[in-house]
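Have a look at the structure below before the remarks.
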Amino acid sequence: MADGVWVLGIHMTRFGKHPDEDLVDLASEAALGALADGQVTIRDIQVIAAGNVTGGPAGIGQQLQKQIGQTGVPVYNVTNACATGATALRTAIMAIKAGEADLGLAVGVEKLSGAGLLGVRGTERADGEPWTPQGRYGSVAPMDGWVGTETMPGVFAQIGLEYLHEHPYTGAPLELFARISEKNHAHSTLNPLAAYTKRMSLAQIMNEVMVAYPNTRPMCSANCDGAAAAVLVSDAALRRLPREQRRRAVKVSASVLTSDPWQEACQVLPDVSTLTRQAAATAYETAGVGPEDLDLVELHDCFATAELIHYDNLMLCEPGGAVDFFDSGATWRDGRLPVNVSGGLQSKGHPIGATGIAGVWEVCQHLRGEGGDRQIGGARVGLAHVIGLGSACGVHVLERAA
C-alpha cells in the first residue's frame, strides 16, 4: 500500500478551437507532454485512466495507446460529467495507493467548440406540444420550458440567485456577478493557454447578450477543445528518482470524489453545494490543512454565479459571507487568496473531460514556481475543485515538495 502519491509530470494543451485535431491528437499531445515533463516514457507507465464525455463508446484510453504506445497495461475509461478529468486523476491515484502501480497516467480530453448550450436530460419541448408520459422520467412532466430550465446557464442562474435570497443582498445581482467575471477575464490575459485572453470591462460584460439572468455570455464557461494529462508516482518510486525529478514533484495531499446525498429538493433542482462542502471537508481533514493554509484556488466557475457560491462551499469565507469575501478583493491575483488565476472556465475554457486535470495543472505551475507572469509568489498549498451535474465533485489538495 503506497503511503503518498505525487504529480511527477503534467501538461495542458492550449484550450480553444482545434479544427485540424481530433480527440486522439489532443489527448496524445497532453499525454506526451506530461511524460516529457516528468522525464519518463510510456514504457514506465503501469496504469492509464482516460476521461472523455462526448466522444462516443470507443475507449479513448485504448485509442490513445495506439497513438503513443501499446504496452499492455490496464486502461480505465471514465465519464463523470464535468468531473471526468478529476475522476480519471483519482482513478490513477487509487491504483497507485492500492499498490498495483508505481507510475500512472491520467488524461482528460474533449472536443466542444461550437457545441452551444449543454442540457441535462434533453427534455426540451416544442411550443404547444402536449405532455406524454414516457421513459424513466415519464411520471413527471419534462421541466425544460414548463417550470424553470435544465440547461446549464439557467440552472446555475437559479442557484446563484437562491444564494443571494438566502443571504440577503441589497445590491444589483447583475453587477455583482459581472464583477466576478471581470476578475477572471483580467486574469486570463496572463495565461497564454487560455481560450480567451482579452480583458473585458464591467460595462462590456453587463451589456453583452443575456443568456440566463444574471449570467450574460462572458459570465458563461467557454465550450472549446482541449486536453490535459498528469503522470502520478508513488512516494517510494519517487525516492528512487534523480534529485531534479524529485524537486519538481508536487504532493497530492488529498484526492476526494463525492456525489449527492439524497434529499427531496435535489430531485427538482440540482444541489451543487452539499457535495462540494462534503468533498472540501474531507479534503482538508485528509491533507491536514485548512482553508486558511491555501495560497491559491482553482474552482469550478462554469458560470459567474457558481464561483460565488463555491467561495462558501469550499469554506474560503464565513458561512453566508461569499459576497463580503469577494468584495474584500481577496480573490484577485494580488489578493489574500487568489481564485482562478488561470482565467477560470469563463476565459480559460471548459473542454469538459479535460477541466479537472487542467485545474490541477494550474495549481502545479504555481507550486513549482513556473507560473510565469501570473505566478503567485511563495505558493506552497493549492486546491483544485471541479463539479459535474449528475452529480459529482472532485477536490484535490496539492503541496509543494519540501
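The values are calculated or read from the model by the stated rules, or taken from the named source; none is laboratory data. Everything numeric in this text was worked out from a predicted model, so none of it was measured. Please note: Cβ atoms are built from the backbone with ideal geometry, for glycine as well, and neighbour counts cover all protein chains shown. SASA here: full protein model, heavy atoms, side chains in, ligands and nucleic acids out. Shrake-Rupley method; radii C 1.70, N 1.55, O 1.52, S 1.80 Å.
Collect the residues in segment 291-313 that are in contact (Cβ under 8 Å) with a residue 24 or more places away in the chain and either hydroxyl-bearing (Ser, Thr, Tyr) or surrounded by fewer than 18 Cβ atoms within 10 Å (Cβ to Cβ) (or both), keeping them in residue-number order. Of everything in segment 291-313, those that are in contact (Cβ under 8 Å) with a residue 24 or more places away in the chain and either hydroxyl-bearing (Ser, Thr, Tyr) or surrounded by fewer than 18 Cβ atoms within 10 Å (Cβ to Cβ) (or both) turn out to be PRO291, ASP293, THR305, TYR311. Candidates in segment 8-29 are the residues that are out of contact with any strand residue (DSSP E or B) (no Cβ under 8 Å at 6 or more places or on another chain) and not in a loop (DSSP other than H, G, I, E, B); of these, the one that is most open to solvent (accessible area, probe 1.4 Å) is ASP25.
Scan segment 53-97 residue by residue and report those that are within 15 Å of LEU257 (Cβ to Cβ) and in a loop (DSSP other than H, G, I, E, B). Within segment 53-97, THR79, ALA81, ALA83 qualify. Cβ-Cβ below 9 Å, separation at least six or inter-chain, first residue in segment 318-330 and over 18 Å from THR170 (Cα atoms), second part of a helix (DSSP H, G or I) and open to solvent by 80 Å² or more (accessible area, probe 1.4 Å): which pairs? Final answer for the pair search is GLU318/ASP324. Could you tell me which of the residues GLY371, GLY320, GLY353, GLY329 is surrounded by fewer than 24 Cβ atoms within 10 Å (Cβ to Cβ), at pLDDT 95 or above and either among the polar types (S, T, N, Q) or in contact with a Gly (Cβ under 8 Å, 6 or more places away or on another chain) (or both)? One residue alone meets the criteria, GLY329.
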